[in-house]
């Protein structure tokens, strides 16, 4: 059962400007309590608390507030945050909220909603301040003072040409330190590449991460400046991408894209069922392999004792390889053209690991089951580790080349595949050595 909030404590925190802490506290209470609390706070405090809530909790809160309160809170959001809230709401309710916004906010929000949900355009802020190359620094200062409050950030100032094309950025620090008579173009940084509005959101976030920029410019196909993706949005994107990869790679489940406690038990089960069913069907391969080699098992029952050891080792080896490759792809350390090099590298790593495990296990297995069984187990460990590491690398790489999220090639799927193929290695080697 979720606890009730300490209203007096939260009012005290709000008075001290601790809005993010309040939002975190509200994420652990019932939805109706969140709405009551926000309704009890002054608008100047409720709006920033609402801004820090996850969109899923924001949506829940809106159902417990009056229409004027709802409109005030939604109007106070940044356009990109507002767009992400509206995209997950029922279409009729989203349209009603859009209609109640001021014309300027409605126009910006509608423009952002026109971009694909996972695109950079959906995450950019259209509230920014631009400069022109020939503008004197003194005039730039004046423009920042008079118009800066309407911009989401002034620490990175894009510079555009006469036809609104992006040509570079100016850092606020450069302007502050510059002589008033100097021109903006003298401090222009044209090394930060723009991002297409239709580009994937992760590309924009990685660009900011790679360049350590506070914001990245977003342009249309003609190079005209449309907005900025700020560093806080980039961090949010990378967090969400990491959560999706973790969900798919760790357990083959579809990402929730919502806080855990805002998701029903039925939806939690639904996100996991399809993958569990798929893996269960794939596990039939292992059963069929055992059936094919049933006579071999009957002739040498001792072989069955080492099946768990071998398939677990192979599955773990493949999962390790896949995890390393998915991570390397997500941060841009490898490219699709490195396919063969990566495959050979991971296979070599697997063979080396298998050889080390074979040497360590040979004597104990010999003492337990005899030298022939020890040789079978040792050879199988070498083969299965080399094969598993290669498969663990090949599957996410192949998925990447086909335009599929590499994380979908999850560790459980690879483990199931290697269980079946590993047993084939085991029984073929056993036939060759023992019979």
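The values are calculated or read from the model by the stated rules, or taken from the named source; none is laboratory data. The shown structure was predicted, so the numbers you read here are calculated from the model rather than taken from an experiment. Cβ atoms come from the backbone with ideal geometry, glycine included; neighbour counts cover every protein chain shown.
Observations on the model:
- Complete set of residues in the stretch 114-158 that are within 30 Å of residue 87 (Cα to Cα), not assigned by TED's automatic domain parsing to the domain that holds residue 204 and not in a loop (DSSP other than H, G, I, E, B): 119, 120, 121, 122, 123, 125
- The condition (being more than 26 Å from residue 177 (Cβ to Cβ) and surrounded by 21 or more Cβ atoms within 10 Å (Cβ to Cβ)) is satisfied by just one residue among 71, 112: 112.
- Residues in the stretch 74-109 that are over 25 Å from residue 149 (Cα atoms) and under 25 Å from the mean Cα position of the chain (by Cα) were compared, and the one that is surrounded by the fewest Cβ atoms within 10 Å (Cβ to Cβ) is 90.
- Test: residue in the stretch 170-187 that is more than 30 Å from residue 329 (Cα to Cα), under 29 Å from the mean Cα position of the chain (by Cα) and outside any loop (DSSP other than H, G, I, E, B): yes
- Residue check for residue 44: in contact (Cβ under 8 Å) with a residue 60 or more places away in the chain and over 29 Å from residue 226 (Cβ atoms): no
- Verdict on residue 332 being modelled with pLDDT under 80, out of contact with any helix residue (DSSP H, G or I) (no Cβ under 9 Å at 6 or more places or on another chain), more than 25 Å from residue 381 (Cβ to Cβ) and assigned by TED's automatic domain parsing to the domain that holds residue 379: no
- Flag for residue 173 being surrounded by fewer than 17 Cβ atoms within 10 Å (Cβ to Cβ), farther than 14 Å from residue 225 by Cβ and assigned by TED's automatic domain parsing to the domain that holds residue 229: yes
- Single residue of the stretch 140-166 satisfying the filter (free of Cβ contacts under 8 Å to residues at least 60 places away in the same chain and in contact with a helix residue (DSSP H, G or I) (Cβ under 9 Å, 6 or more places away or on another chain)) that is surrounded by the fewest Cβ atoms within 10 Å (Cβ to Cβ): 141
- Just one of (1) at pLDDT below 90; (2) on the phi > 0 side of the Ramachandran plot; (3) surrounded by 14 or more Cβ atoms within 10 Å (Cβ to Cβ) fails for residue 209. It is (2).
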